[in-house]
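The structure appears below as structure tokens.
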Amino acid sequence: MFRPNRCQICGETYLGTQKPDRCPFCGADQRHIVMATEWVDHGKVDLSEQSYKDCERSVELELDNMAFYKCAAAKTKDQIMESFFKRLSKHEGEHAELLAEMMGIEEPDPPEVSCSDDDRENMAEAHRREKRAILLYQAIANRAPEPRMQEVFRALTDIESEHLIVSSTYR
Ligand SMILES: [Fe+2]
Ligand SMILES: [Fe+2]
């Protein structure tokens, strides 16, 4: 039976006969995916000044990573690499959208980002980028007073940790 599921992190809906292993849009673990009828809309969050700044910085980082992965996906000649880079780019774009929504702002335009012609160099760069994101998000999750900020940044830390595994495997 087809059931509409919904991701409690990014808010995207998923139609299928069972829950996906990960949210196909943001990469969140299955435990964050609920029946559409159980889904809670958090939308814009009432953020402390520090949390607002943290989201601002994180949106920038996500858009930068999204643009980098998009560049890497366009350059590679390898189908597996293209699939990875394409999905990583989509995940980061979804993260940027989510954070902008939490702040109640329009998503900013992504920056121009260059990348290498070499897949391994791009995977090594992906590794550095994901490490940077994980360190930042762990710190934000620990200092944020808002439960929704903690939930989102813990989930983002987990997702970027899986990205790091991908980059570690293929760099
Ligand atoms: Fe999601
Ligand atoms: Fe991300």
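Look at GLU101 and say whether it is in a helix (DSSP H, G or I), closer than 18 Å to GLU49 by Cα, at pLDDT 95 or above and charged (D, E, K, R). Answer is yes for this residue.
Has the range 77-87 got any residue that is within 15 Å of ALA155 (Cβ to Cβ) and either among the charged types (D, E, K, R) or touching a Lys or Arg at 6+ places or on another chain (Cβ under 8 Å) (or both)? There is no residue in the range 77-87 that is within 15 Å of ALA155 (Cβ to Cβ) and either among the charged types (D, E, K, R) or touching a Lys or Arg at 6+ places or on another chain (Cβ under 8 Å) (or both).
A Cβ distance below 8 Å, combined with a sequence gap of six or more or placement on separate chains, defines the contacts here; from the range 124-141, residues that are part of a helix (DSSP H, G or I) reach residues that are modelled with pLDDT under 95 and crowded, with 19+ Cβ neighbours inside 10 Å in the pairs ALA124/SER167; ALA126/SER167; HIS127/SER167; GLU130/SER167. May I ask you to verify whether SER167 is over 25 Å from GLU49 (Cα atoms), in contact with a helix residue (DSSP H, G or I) (Cβ under 7 Å, 6 or more places away or on another chain), modelled with pLDDT under 95 and in a helix (DSSP H, G or I)? So SER167 passes the test. Against the definition (touching a Gly at 6+ places or on another chain (Cβ under 9 Å) and either charged (D, E, K, R) or in contact (Cβ under 8 Å) with a residue 24 or more places away in the chain (or both)), how does HIS95 come out, yes or no? In short, yes.
Within the range 41-95, the set of residues being among the acidic types (Asp, Glu) and farther than 14 Å from PRO110 by Cβ comprises ASP41, ASP46, GLU49, ASP54, GLU56, ASP78, GLU82.
Among the conditions (1) over 16 Å from GLU62 (Cβ atoms); (2) within 18 Å of the chain's Cα centre (by Cα); (3) loosely packed, with under 14 Cβ neighbours inside 10 Å, the only one that ARG120 does not satisfy is (2). Taking strands (runs of 3 or more DSSP E) as the structural unit, those lying wholly within the range 1-93 and holding at least 3 residues that are of a type outside the set (Gly, Ala, Ser) and within 12 Å of ligand 1 (Cβ to nearest atom) correspond to 3-7.
Each row is one residue, and each column tells you yes or no for (1) more than 13 Å from the chain's Cα centre (by Cα); (2) more than 14 Å from ligand 2 (Cβ to nearest atom); (3) outside the structural domain of GLU107 (by TED's automatic domain parsing); (4) among the small types (Gly, Ala, Ser).
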| site | (1), (2), (3), (4) |
| --- | --- |
| GLU12 | no, yes, yes, no |
| PRO24 | no, yes, yes, no |
| HIS32 | yes, yes, yes, no |
| SER58 | no, no, no, yes |
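Does the range 78-89 contain at least one residue that is within 14 Å of the chain's Cα centre (by Cα), under 22 Å from ILE9 (Cα atoms), modelled with pLDDT of 95 or more and not assigned by TED's automatic domain parsing to the domain that holds ARG148? Within the range 78-89, not a single residue is within 14 Å of the chain's Cα centre (by Cα), under 22 Å from ILE9 (Cα atoms), modelled with pLDDT of 95 or more and not assigned by TED's automatic domain parsing to the domain that holds ARG148.
The values are calculated or read from the model by the stated rules, or taken from the named source; none is laboratory data. Computed from a predicted model, the values in this text were never measured in an experiment. For neighbour counting, all protein chains shown are included, and Cβ atoms are generated from backbone atoms with ideal geometry for every residue, glycine included.
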